Amino acid sequence: MNGRRILAMVTKELWAVLRDPHARLVLIAPPLMQLILFSAAATLEVKNVTIGVWDRDNGAASAEFINQLAGSPNIRRIVRIDSPKALRTAIDDQQVIGAIIFDQAFSRDVAAHRPATAQAIFDGRRSNAAQIVAGYLGTIAASVGATIRPETSVGGQTVVSHWFNPNLDYLWFVMPALVVTICSLSALSVTVQSVARERELGTFDQLMVSPLRLHEILIGKLTPPILIGLFNTTLYLMVIPLFYGVPLVGSVLLLYLAAFASLLAVVGVGMMVSALSQTQQQAFLGMFLVTVPMTLLSGFAAPVDNMPGWLQIIAEANPQKHFLVISEGLFLKGMPAAAVLRELWPLIPIAAVTLTVSTLLFRSRME
Amino acid sequence: MSAGFDRRRFRAMLVKEARQIVRDPSTFLIAFVLPILLIFLFGFGVNLDTARTDIGLSRQDDGAAARALAGAFQHSRWFAVRQTGAIEPLENALVAGEVHGIVVIPNGFSREAAAGGGDIQVITDGSSPNTAGFVASYADGVRASWAAARAAERGQPAAPPIALVPRFWFNPALASRYFLVPGAIAIVMTMIGSLLTALIIAREWERGTMEAIMATPLGMGEFIASKVIPYFLLGIGSMTVCTLIAIAVFGVPLRGSPLALLVIASAFLIPALGLGLLISATTKNQFVASQIALLTAFLPGMLLSGFLFEIPSMPRWVQAITYAVPARYLIPPLQTVFAAGDNWGLFLPDIAAMLGFGLLFFTLAIRANRRRIA
């Protein structure tokens, strides 16, 4: 191994990426845009809802219910409905996400101390939002019941405290997850192009006839993406606590260690894609094909616990899954070193496998 | 480049583009493997319907009521319970992510319950807000139904006086794959329409073959049409693959007509292709084109289309931006054509909006190409 040669190779590779001013901009602007877009759009709450009401009862209990509906902070507007046809149109055309129907006996039942029921219809096309709104309305129904007939309430309460994120702010979950996404995405997008571009431009053969040894070429090719990944990680680690107020309570050193270990695994994957690609287009599409499953199976889109068992085993081989647990743990929970290392060590065999396979593929390309 | 339209010239160019697609295995990957992968991942991997959640239970009271409530938690179908006396080991498990919440039945619970009260404490792991909310509300549900059953045994009226009976039209089982399939179709069509097209033309610029094309008598209209038509067909093809798999493997219904689906998908592909052309005409570099396409087509399509996040819940200025995202007009008709049926009153305004954006992007792309040439 020759230190000077490696340094020359790393310098050359960094130049290849950073030479073009457009490309320089593209390495910083999209990560920041992504941060802004996510922080603005990502929410699990369902607010500003429009609800339909078909009041065939016009009694005291339905009036109280409508009153409390109007007072709910998540409901913006109540639309009156007066026929089955109007109900169907309102839901079909997505004017309302749901509607409540009080039948004629509703207030009478409440007054007679009989259990009263109100029907609620929701738009199942948006099943997630509909479910959340159904939850809101269920809470309102219970509260109306308690207002009108206090004697049925049963004693005892559940006192809830949410640790690490007292207001259950979804942004606090999204931001540490974005660190994981951007770190591997920026490294991947540079790695996959590294061999494919040289091959498309025809300079790959020049590289092969240079005195550089195989491992020197590989180190030279893989160092810049790791540096760029770490650079974007640093960018996020500064912006997120500063501008979005998400606490970073754990060890920053451990976070960098986890970022580095996952980058090793990820650039191995990127190099495999690059070695298999003939053109930059193939490399880019190949990257997309590995990025989508890696992100979807990381626990960002949906909890890994909800997946079927065989998919959970596959998810264990996903570097992003491990880095995500560590990033969330270090940002919000101040996860202790022992727990971090328990999640971190699988990254080492994963990286060993991806780097070995990519070396073999690269070597087979040279011959 | 000349103006005018020559059928033979155009056919030659179309054949060239079609061969380029057929000969490149990566287009096959994106048009047929990606849709299959996405549908399977959405079908199996992205499950928002929570199954059993791991929680800890710390019972610090030895009375009969506390034991009974602990038993109710043990038997709940929502939770997998790890029970201890002291809370400390559970707190460590919460930090390590082994449990998502802790239920504490405090000392003195049985005595309070006998007196008509009985509070429990729930600590959740707020670092995953979704699961935390689930744990909090379902733990309260377990406690409340236990307390109600106990009250009923003592002769107190137990049923909640007002019950809400919810029904979900179009998707009674509330399977999240119903709304994920339209999302998968939107992603695939964005990939083919915007990203692939942007890459292909940027490559012509990068390799210098664009100059070669310009030196031919090929007209601007012929050039653009020959680039667009093959990718349009490819987009429709992969949308069909997505739909067939969703129906055959995951039992997602297509309640509307295939014709309506075809019209909606075609209307979306036009702005998607226009955006791809525009990006490639303004950047000459494949790397930059791919990144810009991700940023202007893919990310807004995911985040601002209403597919993942509810548009009315976003801040007002973001809601205003969503009107400029063509995918915003794709998601509601797609969801409707799959789950509900044909509703042209809802489709037509959205289709018109998509076509409007298509016209805008194509005009801009043709202008940008003209400037390039001059």
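Please treat every number below as a calculation from the coordinates, not as lab data. From a predicted model like this one, the values you see are computed outputs, not experimental measurements. Reconstructed Cβ throughout: ideal geometry from the backbone, glycine too, with neighbour counts over all protein chains shown.
Odds and ends about this structure:
- Each other residue within a Cβ distance under 9 Å of B:Arg52 adds +1 if Lys or Arg and -1 if Asp or Glu, for a net charge of -1.
- For the set B:Lys16/B:Lys284; A:Lys321/B:Lys227; A:Lys221/A:Lys321, the pairs lying more than 31 angstrom apart at their alpha carbons are A:Lys321/B:Lys227.
- When each of B:Phe32, B:Phe5 is scored by the number of other beta-carbon atoms lying within 10 Å, the sequence from fewest to most is B:Phe5, B:Phe32.
- Where a label projected 7 Å from the Cα of B:Ala352 along Cα→Cβ would reach, residues of region B:245-266 with amide N under 20 Å: B:260-261, B:263-266
- Among B:Asp119, A:Asp57, the order by Cβ neighbours within 10 angstrom, fewest to most, reads B:Asp119, A:Asp57.
- Since only B:Ile105, B:Ala173, A:Leu347 are under comparison, the one whose Cα sits farthest along the positive direction of the charge dipole of the protein assembly as shown, derived from C-beta charges on Lys, Arg, Asp and Glu, is A:Leu347.
- Span-like helix ranges in chain A, DSSP H, alpha carbon extent 30 angstrom or more, Kyte mean at least 0.5: A:127-148, A:170-201, A:214-244, A:252-276
- Environment charge of B:Thr27, counting only residues whose C-beta is closer than 13 Å and scoring Lys/Arg +1, Asp/Glu -1: +1
- Kirkwood-type radius of chain A, with distances r between different C-alpha atoms, in Å: 24.4 Å
- Among A:Pro115, A:Pro211, A:Pro166: highest mean-square fluctuation, GNM of chain A, C-alpha pairs under 10 Å: A:Pro115
- Working value for chain B: equivalent-ellipsoid semi-axes of 57, 21, 17 Å, each the square root of 5 times a Cα gyration tensor eigenvalue, largest first.
- Cβ crowding within 10 Å, taken as a proxy for footprinting-reagent exposure, orders A:Leu285, A:Leu311 from fewest neighbours to most as A:Leu311, A:Leu285.
- Cβ neighbours within 10 Å from other chains - mean over A:193-199: 1
- Lys, Arg +1 and Asp, Glu -1 on Cβ, resulting dipole of the protein assembly as shown about Cα centre, debye, nearest 20: 1980 debye
- Rounded to the nearest 0.05, the FRET efficiency derived from the C-beta distance between B:Arg111 and A:Val357 at R0 = 60 Å is 0.40.
- Largest-first principal axis extents, alpha carbons of region A:49-152, Å: 40, 26, 19
- Region B:16-87 versus region A:72-145: alpha-carbon centroid distance in Å: 30 Å
- Overall dimensions of the protein assembly as shown, expressed as equivalent-ellipsoid semi-axes from the Cα gyration tensor (√(5λ), whole Å, largest first), are 51, 35, 18.
- For the peptide B:329-341, the mean number of other protein chain Cβ atoms found within 10 angstrom of a residue's Cβ is 2.
- Region A:244-289 and region A:162-190 have Cα centres lying 14 Å from one another.
- Mean ellipticity per residue at 222 nm, deg cm²/dmol - from DSSP H runs of n ≥ 4 across the protein assembly as shown, formula -39500 (n - 2.57): -20500 deg cm²/dmol
- Average beta carbon contacts from partner chains per residue of B:128-138, 10 Å cutoff: 6
- Rounded to 10°, Cα long-axis angle of helix B:220-250 versus longest principal axis of chain B: 30 degrees
- Relative to the dominant Cα principal axis of chain B, helix B:258-282 is inclined by about 70°.
- Extension gain, A:Leu14 back to A:Val209 (0.36 nm per residue minus Cα-Cα distance, nm): 68.1 nm
- Rounded to 5, the percent of DSSP beta bridges in region B:53-153 classed as antiparallel: 30 percent
- Positive-end residue, region B:53-153 charge dipole about Cα centroid, Cβ charges, pick of B:Ser76, B:Ser58, B:Ser137: B:Ser76
- In terms of the mean number of neighbouring beta-carbon atoms within 10 Å, the peptides A:173-181, B:167-175, B:85-93 order highest first as A:173-181, B:167-175, B:85-93.
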